[in-house]
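Down below is the structure, laid out as structure tokens.
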Amino acid sequence: MKQIYKTSLLVFAMLTMFVAQSFAQQSWWGLWNSTMELQPRCQLQSGTNDQYVRLTAQNSPLLVGGKISAVRFWIYDKTTVESASVWISTSYSKSGTPNIVSKSVNLSQLKDLLHDNAPTEVDLGGDFDVLPEGNAYANVYVGFSLNLSGNATFYQLSTKRSGVSNTNYLNGSDIAKSYGMLPLQVVGSGPKIAQHNAPPQVINNKVVVKSAENTLSAILVHAGYEPLQNIDYALYIDGEAQAQKHFELAETIDEIGITFELPVSFISPANAKQYSTKVKIMKINGQDLPSELQENDAEGELIVLDRATTKRTVMEEFTGTWCHNCVRGLAGIRLLSEAFGDRFIPVAVHGDNRDPMMIDDYYTSDFFRGKISKLGGYPSCTIDRLFDCDPYCGYAATGSYATQPIVEEALSRMAVADINVSAAWTDDSHTAIDYLVTTDFCYNSDADDYSLVLILTADGLEGPGRYWQQSNGYNNYTGTDEALLQYAGVGEYLPDFKFDHAAIAVVGVDGGIDGSISKPIVAGESQQYTYRLDVSDNELVQDPSKLHAVVLLLNGSDGSVANAATSPVSMTSGIGSIETNDKNEQRIYDLQGRPMVSMPAKGIYIIGGKKVVVK
């Protein structure tokens, strides 16, 4: 079994993709490899169509000083091809003459995805030096040209995920961000390809409980020309080497550029604090690596807790009443809520001025703008501000329900702290809400930065007019997903629809509220934060009994959500003496000096060092 780690974060893997051959130091190479799923994306026109990759000294460092001798490419349907050629050129001009080499393809040897499920391989008849040493700006175009008849539909193939690289072209136009990787490789050889190499690319940051058996994942990329069978490695924690271990791959990896997971087992340290981690590859296939290759390592972070915590995950879903595909997000949230219960916290962030539930604090934030720009539009979502995807289809743009494994992955990450929130109206006039957030960290640190984001959501929102009607692009849905079939045949708009989980107020959306979590953080020491949210002018407070307080604990190092909590807003009046935004000074204890971990009931309490009557 090949353990494939599919992620756009592995930059090195995108730069050093080879497929090992039986001959030394010569390998198939491409910005694409065979683990990347292909699909038809862009319909091509009859006539001449060029598809090509621009290789540079930056995106193809192992080709520098080497040679190219063959080209391999995938097409969708060979029955529409009247003639074909492969070529290399230092410049591109449609229908122009390549200035390095051009080779016609025998149509009887042409293969495709539709009929053969195989690529076409073409020997160029020589070795061509395309990225010479010493030229940092060296670049070359490698491509294939197809002359298509108008008798059948033909599609350009690409990887399923778009936006991976900015070096793929169709007839001179950059297609990478819209259509994904172009499936093309070359046979490359050169002095920079080692016999054995599998450098670590990512060591996942891990949160674990002290003095326990654990496993962290190191993501490696195969980058040598010999097949990879086994690895000897050492884990370093805060620079101290643990016992060297041996790992046998379940199946030999022949393709260079394949990324795979190395499970690194260890006993976590006894002290609850943060540690650095590093994995060094010592041997491959029983042979010692040269010292310079052993330095190809990556570092991670290990946080050791003094006890286990309860992890919850939050989905900030970007939606709009005007968005015809956004009923897909409604279906995704419903399925995820059923699957995970109160460990899953949805927040519907409505965008665009056409939506009556759009709030400026979210819509104009750097967080919202950045995520929408990356995700490309609506519906979309971010889970724990770490996993960006579609709220129903997961990492695909369309298709069936596939978000559940992403939420499961988010929930599998142990939280650094337990967090709880209580909220109550300050008085019967419903003009303000008191938040009380209690955070219990389980490790010690005087360096790590955390902060809180406070959100108010509403259920059952409704209103008059077209803008309050949810647009329904699944009215003509003919698929089989039950969650989407409920929207088929019910009209292009959903009148009398009531919206749940809608964000109607937010504080600290960009990076959290300053001072809401203080340093140092101490294991076992509760931090409490209170905030009075003024909603006197908020027209989206339609029913005071249908509001929820949501709190996010942000990790300052990467902006991700370390943990989250939610609670209904109590209709009972809150603590009258709490002042707005008092930055943690208002600690609450009972008369025996015990800290309170939720909003207190009626009685006498010690708040900020003074006795306070809670009514």
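In table form, for the structure just shown:
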| quantity | calculated |
| --- | --- |
| Condition met for Ser145 (of a type in the set (Ser, Thr, Tyr), over 19 Å from Pro183 (Cα atoms) and either out of contact with any strand residue (DSSP E or B) (no Cβ under 6 Å at 6 or more places or on another chain) or in contact (Cβ under 8 Å) with a residue 60 or more places away in the chain (or both)) | no |
| Entirely in region 28-140, the strands (runs of 3 or more DSSP E) that have 2 or more residues that are under 32 Å from the mean Cα position of the chain (by Cα), among the β-branched types (Val, Ile, Thr) and surrounded by 14 or more Cβ atoms within 10 Å (Cβ to Cβ) | 47-56 |
| Subset of region 213-235 (residues that are closer than 19 Å to Leu293 by Cα, of a type outside the set (A, V, I, L, M, F, W, C) and under 27 Å from the mean Cα position of the chain (by Cα)) | His222 |
| Filter result (open to solvent by 50 Å² or more (accessible area, probe 1.4 Å) and hydroxyl-bearing (Ser, Thr, Tyr)) within region 432-480 | Tyr467, Tyr477, Thr478, Thr480 |
| Scan of region 481-509 for residues that are aromatic (Phe, Trp, Tyr) and either without any contact (Cβ under 8 Å) to a residue 40 or more places away in the chain or surrounded by fewer than 15 Cβ atoms within 10 Å (Cβ to Cβ) (or both), ordered by number | Tyr493, Phe497 |
| Strands (runs of 3 or more DSSP E) completely within region 496-602 that count 3 or more residues being out of contact with any helix residue (DSSP H, G or I) (no Cβ under 8 Å at 6 or more places or on another chain) and modelled with pLDDT of 95 or more | 526-534, 547-555, 561-570 |
| Some residue of region 305-320 being surrounded by 19 or more Cβ atoms within 10 Å (Cβ to Cβ), of a type in the set (Ser, Thr, Tyr), more than 29 Å from Glu213 (Cα to Cα) and touching a Ser or Thr at 6+ places or on another chain (Cβ under 7 Å) | no |
| Residue check, Lys210 at pLDDT 95 or above, on the phi < 0 side of the Ramachandran plot and open to solvent by 60 Å² or more (accessible area, probe 1.4 Å) | yes |
| Index of the failed condition, Gly512 passing every other in (1) closer than 21 Å to Arg312 by Cβ; (2) surrounded by fewer than 19 Cβ atoms within 10 Å (Cβ to Cβ); (3) small (Gly, Ala, Ser) | (2) |
| Spans of strands (runs of 3 or more DSSP E) in region 274-387 with at least 3 residues under 30 Å from Pro495 (Cα atoms) and touching a strand residue (DSSP E or B) at 6+ places or on another chain (Cβ under 7 Å) | 313-319, 344-350, 380-383 |
| Qualifying residue in region 354-367 (condition: in contact with a Leu (Cβ under 7 Å, 6 or more places away or on another chain) and touching a residue at least 12 places away in the same chain (Cβ under 8 Å)) | yes |
| Residues of region 337-354 satisfying the condition of being open to solvent by less than 40 Å² (accessible area, probe 1.4 Å), modelled with pLDDT of 95 or more and either within 14 Å of Tyr378 (Cβ to Cβ) or aliphatic (A, V, I, L, M) (or both) | Ile345, Val347, Ala348, Val349, His350 |
| Those residues of region 379-411 which are open to solvent by 60 Å² or more (accessible area, probe 1.4 Å), free of Cβ contacts under 8 Å to residues at least 24 places away in the same chain and over 21 Å from Ala348 (Cβ atoms), in sequence order | Pro405, Glu408, Glu409 |
| Unmet criterion (only one of (1) loosely packed, with under 14 Cβ neighbours inside 10 Å; (2) of a type in the set (A, V, I, L, M, F, W, C); (3) modelled with pLDDT under 90) for Leu182 | (1) |
| Qualifying positions in region 256-300 - under 27 Å from Val416 (Cβ atoms), acidic (Asp, Glu) and surrounded by fewer than 17 Cβ atoms within 10 Å (Cβ to Cβ) | Glu261, Glu299 |
| Residue selected from region 525-556 under the condition among the small types (Gly, Ala, Ser) and touching an Asp or Glu at 6+ places or on another chain (Cβ under 7 Å), by the criterion farthest from Thr431 (Cα to Cα) | Gly556 |
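Residues checked against (1) more than 26 Å from Pro61 (Cα to Cα); (2) polar (S, T, N, Q); (3) at pLDDT 90 or above:
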site	(1), (2), (3)
Tyr225	no, no, no
Gln242	yes, yes, yes
Phe247	yes, no, yes
Pro263	yes, no, yes
Phe266	yes, no, yes
Lys280	no, no, yes
Lys283	no, no, yes
Ser291	no, yes, no
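The values are calculated or read from the model by the stated rules, or taken from the named source; none is laboratory data. These figures come from a predicted structure and were not determined experimentally. Positions of Cβ are backbone-derived with ideal geometry, glycine not excepted, and every protein chain shown enters the neighbour counts. When the accessible area is computed, the model is the full protein with side chains, heavy atoms only, and any ligands, DNA or RNA have been set aside. Shrake-Rupley method; radii C 1.70, N 1.55, O 1.52, S 1.80 Å.
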